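Down below is the structure, laid out as structure tokens.
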Amino acid sequence: MEEVLEVYHRPHDPACPLVCLDETSKQLIKETRVPIPARPGRPARTDYEYERNGTANIFMLFAPLDGWRHVAVTDRHAAVDYAHLLKDVSDRTPRRSPWYRTISARTNPLRSMRLFRPPRPAVL
């Protein structure tokens, strides 16, 4: 952890930007019953029954020293999505350097090895 904090304290280096990445999966739900509004003397009532509508994976990237952020939402949690996201960010940011310092939270440590495989084309 101390090594990660040390990276944050380094001076800004435009030749090697710092990019932070976090990801999370969220369950998508839909209410199945209409909530009953509040009336005088009675609070609003909401039923806790819901219908599951799948999941979504959310990637959050930001460069704290360069002042930009990017959010991407995918239908699944797959290594190929991670690789496509990093490629997309590389293509969108100015070409100052071929190097990026990345700090990733909650990612699989073996995922970096998967980036050496060529990404598969997106399935439509």
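Values quoted throughout were computed directly from the atomic coordinates according to the rules given, and no laboratory measurement underlies them. The structure displayed is predicted, hence computed values, not measured ones. Reconstructed Cβ throughout: ideal geometry from the backbone, glycine too, with neighbour counts over all protein chains shown.
With R₀ set to 22 Å, the beta-carbon distance separating Ser25 from Asp47 gives a calculated FRET efficiency near 0.30. The phi torsions of the range 10-19, fed into the Karplus equation with coefficients 6.51, -1.76 and 1.60 and a -60° offset, translate into couplings of 5, x, 5, 10, x, 6, 8, x, 8, 10 Hz, rounded to whole numbers, with Gly and Pro shown as x.
Rank the residues Asp13, Asp91 as a footprinting-exposure proxy: fewest other Cβ atoms within 10 Å of their Cβ go first. Show your work: numbers first, answer last.
Working: Asp13 13, Asp91 8.
Taking fewest neighbouring Cβ atoms as first place, the list is Asp91, Asp13.
Annotation: extensible slack from Ala56 through Val7 equals 14.6 nm (criterion: 0.36 nm per residue apart, minus Cα-Cα distance). Can you find, among Val73, Leu28, Ala44, the residue farthest towards the positive end of the dipole of the range 24-86? Put +1 on the C-beta of Lys and Arg, -1 on that of Asp and Glu. Highest projection toward the positive end goes to Ala44.
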